[in-house]
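Reading through the structure tokens given below for one structure.
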Amino acid sequence: MLWGNNQIELMGGFIREGFRDALLGGAKLIVIDPKQVDIAKRASLWIAPRPNTDGVLAMGIIKYLIEQKLYDDEFVKNWTVGFEELKNEIGTFTFEDVERISWISKETIRKFTDILVTQKPVCLVVGNGLEKSIHAFQQLRAVFIMRALLGHMNSPGGNVALSAGNFTRPGIFYQLKDSLRQNKIKEGRMIGNEHGIARTTAYIPPQSLIRTILTEEPYPVKAALCILTNPLVSFPDSKLTHEAFCKLDLLVVSELFPTPTSEIADIVLPVAWGAEHDSLGYWPGWHEELRAYPKVVEPPGEARSEAYWINELAQRLGFGDRFWENEEDSFEEMLKPSGMKWEEFVTIRSLNNKKEYKTPEEGAFKTKTKKVEIYSNQLKKMGMKPMPTFKELSVFRFNTSAEYPLLLFNGKEAAYMMSSYRHVKFLRQRRPEPTVDLNPNTAKKYGLEEGDWIWIESHKGRIKQKLRLDPALDERLVYASFGWWFPEKNSYLFGYEESNINILTDAEPPYDMETGSVELANIPCRVYKE
């Protein structure tokens, strides 16, 4: 079950081979995505909800599983907490409510659950598509609660909890021992302090940073160092982001090639390419592995790795005791649990995960109760909702109107990595222009034809992209390209305002209180010819 996930197009070839083998072996495939991505054409069932209503749909599925008694009763009784509260919650809404909000009927939910309960075990793979909402945290919780009701957790062919390789977790590594940051958390003076889950993972939501730069609350931010990021294109509300970064006394960008953000930088650090320095690789984090990438060639000129710049800066600012003498020392901090030095790890190359398929009795669940917590007292103590509710998940940041009757959403492009590599000739030949997809009936209604450059406008501004027709797309939706700017143009900041979808997004509240996520889909808009 791929939910808001398009990893067949966006991840490595071994994933494609694995899916191919599974489908040829008789596995059923369910794809849940408002866009009919390529793998959805091969699915047993494709479900296309309204963008950012995944939590509503999950609650509808939960309601059907419980009312039809299709859940794993033994697992629920023995290994979940809060099932009675969940049963009470599903009585607060109807399937008509689910369909009105998510566009998915009870009949489709029935087909969906029929596959789930007859084709066990179920492997659920969730993607970033569920994180672009002001209810991102509880929306994901609803989906995972739905998965838990089916039982067969941590079983071959289904979802597995991997035992990680023997190394220091990056989250612990980044937070730094005895950091002054801990004092700011206690004082309530950390940027984004109100977002409890984000705060515990050393994550600052982009709009929280932007708001702090502009307002100087809870304290002034005078300088920024940008690493592996292009905020003027990738942060929500690009114009507000531009205003904030221009307000800084000092902006430093570590880059290989010019970007819109590097163009407004005071200093651009010449960063070393991947094979030009030693490094550790953890991404993607869900693999729970650590890999060694030893240097192949010396970097040119003054180029250095980001780890070098950070450690060197810390030394010169008097924070050397909280950092490391050099990159190798920082690597060995992460390797410490393994007992290995960098020289040894280079020969081994990776600390791999293990599929141990632990049972609940063997400690498969890492919660305090050692069970699946449908209702979380820990969240309640932190001042957050202990359980997802239909009422909360049904509220949107924006709603359509006569002025903005369509809903905008987007996905990643296979040709590029987010906002990167628009300057690479081969990739631009594959995807030369930003494109926007409409249903043919929608295009006809607004007098548009395939190949037209059209304006997409929200309450924040407008951008232009080239029209493609997609008969499978709902007539109420607009599917735009993400991350566009034009390295070949001499216009201001490489034309970052022309086709960049974040010109249309909003960084104002409300936010997802747990993670700080903003509404990045389901955005009311209109379209018209350039």
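The values are calculated or read from the model by the stated rules, or taken from the named source; none is laboratory data. These numbers come from a predicted model, not from an experiment. Glycine also receives a Cβ, built like all others from the backbone with ideal geometry; neighbour counts cover every protein chain displayed.
Things to note:
- Some residue of region 323-345 being basic (Lys, Arg), on the phi > 0 side of the Ramachandran plot and either surrounded by 16 or more Cβ atoms within 10 Å (Cβ to Cβ) or part of a loop (DSSP other than H, G, I, E, B) (or both): no
- Here is the figure for region 398-448: residues that are of a type in the set (A, V, I, L, M), surrounded by fewer than 16 Cβ atoms within 10 Å (Cβ to Cβ) and within 23 Å of TRP103 (Cα to Cα) total 1.
- Any hit, region 384-407, residues being hydroxyl-bearing (Ser, Thr, Tyr), in the same structural domain as ALA443 (by TED's automatic domain parsing) and in contact with a Leu (Cβ under 7 Å, 6 or more places away or on another chain): no
- Matching residues in region 468-494 - criterion: being closer than 30 Å to GLN36 by Cβ and not hydrophobic (A, V, I, L, M, F, W, C): ARG468, ASP470, PRO471, ASP474, GLU475, ARG476, TYR479, SER481, GLY483
- Pairs are defined by a Cβ separation below 8 Å, a sequence spacing of at least 6 or placement on different chains, a first member in region 219-233 that is part of a loop (DSSP other than H, G, I, E, B), and a second member that is basic (Lys, Arg); the pairs so defined are TYR219/ARG189.
- When ILE66, ILE47 are screened for being aliphatic (A, V, I, L, M) and touching a Ser or Thr at 6+ places or on another chain (Cβ under 7 Å), only ILE47 passes.
- Unique match (being assigned by TED's automatic domain parsing to the domain that holds TYR375, among the aliphatic types (A, V, I, L, M) and either free of Cβ contacts under 8 Å to residues at least 60 places away in the same chain or part of a loop (DSSP other than H, G, I, E, B) (or both)) among VAL56, VAL143, VAL122, VAL76: VAL122
- In region 380-426, the residues that are free of Cβ contacts under 8 Å to residues at least 12 places away in the same chain and farther than 18 Å from GLY129 by Cα: LYS380, LYS381, ALA402, TYR421, VAL424, LYS425, PHE426
- Residues of region 141-158 that turn out to be among the polar types (S, T, N, Q) and surrounded by fewer than 18 Cβ atoms within 10 Å (Cβ to Cβ), as a count: 1
- Looking only at residues of region 478-530 that are small (Gly, Ala, Ser) and outside any loop (DSSP other than H, G, I, E, B), we find that the one that is farthest from the chain's Cα centre (by Cα) is GLY495.
- Residue list for region 293-324, restricted to those being of a type in the set (Lys, Arg) and at pLDDT below 90: ARG322
- PHE19 vs. criteria surrounded by 14 or more Cβ atoms within 10 Å (Cβ to Cβ), under 23 Å from LEU379 (Cα atoms) and assigned by TED's automatic domain parsing to the domain that holds PRO121: no
- Cβ separations smaller than 8 Å between residues 6+ apart or across chains give the following pairs from region 301-313 residues that are more than 15 Å from GLY274 (Cα to Cα) to residues that are in a helix (DSSP H, G or I): ASN311/GLU327; ASN311/SER330.
- Lone qualifier among ILE109, ILE115, ILE66 - being surrounded by fewer than 19 Cβ atoms within 10 Å (Cβ to Cβ), touching a helix residue (DSSP H, G or I) at 6+ places or on another chain (Cβ under 7 Å) and in a helix (DSSP H, G or I): ILE66
Yes/no per residue for (1) surrounded by 14 or more Cβ atoms within 10 Å (Cβ to Cβ); (2) more than 22 Å from ASP97 (Cα to Cα); (3) in contact with a Gly (Cβ under 7 Å, 6 or more places away or on another chain):
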{"residue": "LYS358", "(1), (2), (3)": "yes, yes, no"}
{"residue": "GLU373", "(1), (2), (3)": "yes, yes, yes"}
{"residue": "MET387", "(1), (2), (3)": "yes, no, yes"}
{"residue": "LYS391", "(1), (2), (3)": "no, no, no"}
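- A search for C-beta distances below 7 Å between a residue of region 316-331 that is without any contact (Cβ under 8 Å) to a residue 12 or more places away in the chain and any residue that is assigned to a helix (DSSP H, G or I), counting only pairs 6+ apart in sequence or on different chains, returns GLY320/ALA314.
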